[in-house]
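Q: Just passing along the structure, written as structure tokens.
No lab work stands behind these numbers, since they all come straight from the coordinates. The structure displayed is predicted, hence computed values, not measured ones. Cβ placement follows ideal geometry from the backbone for every residue including glycine, while neighbour counts extend to all protein chains displayed.
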Amino acid sequence: MTWFNSFIGNEDTRFKPFLLLAITRKLMKSICPNTQWHIRLAEHLEQFPEQHSSRKLDLSGMGITDDWKEWW
């Protein structure tokens with residue numbers, strides 16, 4: 001499975017910031033294969049605190065996919 005399959009046909013994720021992060025990850029790894037940027041970002045995303053707000057200030061609100069760790 002390629003990384004973009006999670007976004008195809010999914011209106012909830014296609015127009016959210018996480019898709020831009022996934023594209024940036026792909027570009028960064030192409031330009032600089034030894035980069036650790038994507039690893040640092042993944043660690044940052046995993047530490048995102050749980051929110052108890054009705055404003056949906058969480059990773060799902062960013063459009064993160066359920067399988068993101070498998071292809072990240």
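Q: Please identify the longest segment of the chain free of exposed trypsin sites (Lys or Arg not before Pro), where exposed means a DSSP state other than H, G, I, E or B and no more than 12 other Cβ atoms within 10 Å. Don't jump to the answer; show the numbers that get you there.
A: Numbers: sites that count: Arg55, Lys56.
It runs 1-54.
Q: Once both axes come from the Cα atoms, what is the angle between helix 37-46 and the longest principal axis of the chain, in degrees from 0 to 90, rounded to 10?
A: It works out to around 20 degrees.
Q: Let me ask something else. So what's the angle, to the nearest 10 degrees on a 0 to 90 scale, between helix 17-31 and the longest Cα principal axis of the chain?
A: Around 10 degrees separate the two axes.
Q: Could you work out [θ]222 nm for the chain from helices alone, using -39500 (n - 2.57) per DSSP H run of at least four and dividing by all its residues? Round to the nearest 500 deg cm²/dmol.
A: Mean residue ellipticity, 222 nm, calculated: -12500 deg cm²/dmol.
Q: Viscosity 1.002 mPa s, temperature 20 °C: what is the translational diffusion coefficient of segment 3-67 from Stokes-Einstein with a Kirkwood Rh over Cα pairs, rounded to a whole number of µm²/s?
A: 166 µm²/s
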